[in-house]
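Contents: one structure, followed by commentary.
Every read-out reported here was derived from the displayed coordinates using simple, explicitly stated rules and does not represent laboratory data. What you see is a predicted model; the values in this text were computed from it and never measured. Don't worry about glycine lacking a Cβ; one is built from the backbone with ideal geometry, like all the others, and counts go over all protein chains shown.
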Amino acid sequence: MKIYKTKTYKDMSRKAANILSAQVILKPDCVLGLATGSTPIGTYDQLVEWYEKGDLDFSEVKTVNLDEYRGLTRTDDQSYYYFMHSHLFDRVNIRPENTNVPDGMAENPDAECARYEALIQSMGGVDIQLLGIGHNGHIGFNEPGESFAKETHCVNLTERTIEANKRFFATADDVPKQAISMGIKTIMRARKILLIASGEDKADIMAQALLGPVVPEVPASILQMHDDVVVVADEAALSKIP
Ligand code: F6R
């Protein structure tokens, strides 16, 4: 595992965007595994800036997102589909048909999970998977205690995750209670993983995930078992790591 410590969130974003850009330049038709949440916003902004300067070309890039809430339409501004389009896809020359987010409105969620997992395999797997980390150590929507052996599946969100996400909704009751998420097994199949984190509130969980025992209670701890993980985090998020 390689850990890059940056001074600020902006530096973290630039470094993470650098690593993703390197992938796109080296393999223009690569498969990027993408994440939503607050942490990657600066990374996406940086990629857009380099695209606008003419340094990056997304015309052959394919993407698969980690997860999507159940029950939100694509036009709902809290859906991850909407997030990805507004923060990245609509701002670069990626082909819409090359972007993939689980369908949170699918009538049969189990069939949607199977379709999504098969899709990732049919694309040849993920070249680099971008991950944020939840305060409870979740990656994607793989909550503490879930089996490491799961592929894309339907998840019940924990109270803590609902609580953390309610800032984006009118009330906690409006936060969806379920999501479709790549499983830990899906995530671990990515050839390379890029974990990003920022802020003091992530310091405890980063220490547990990177240095603690590998246990389902800290889903991100499984990353210690992957042979190509790059962590890019600011000083605050790494402040509990000696
Ligand atoms: C998002 C995702 C989540 C977030 C995590 C951290 O697609 O899968 O696991 O990465 O909740 O979110 P932020 O970055 O908002 O702290």
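Numbers at a glance
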item	result
Length-normalised contact order for the chain - Cα pairs under 8 Å, 6+ apart - percent	25
Bridge type composition, the stretch 2-234 - antiparallel percent by DSSP, nearest 5	25
Check: the stretch 99-242 dipole with +1 on Lys, Arg Cβ and -1 on Asp, Glu Cβ, in debye	260
Nearest-20 debye value, the stretch 1-98 charge dipole, Cβ charges on Lys, Arg, Asp, Glu	500
Hydrodynamic radius of the chain per Kirkwood, over alpha carbon pairs, in Å	17.8
The stretch 53-132, relative contact order [Cα under 8 Å, separation at least 6], %	32
Sequence of 1, 84 once ranked by neighbouring C-beta atoms within 10 Å, starting from the fewest	1, 84
Filter on 10/62; 10/240; 10/202 - keep pairs with C-alpha separation over 24 Å	10/62
Sequence of 20, 72 once ranked by neighbouring C-beta atoms within 10 Å, starting from the fewest	72, 20
222 nm mean residue ellipticity, helices alone, for the chain (DSSP H n ≥ 4; -39,500 (n - 2.57); rounded to 500)	-9000 deg cm²/dmol
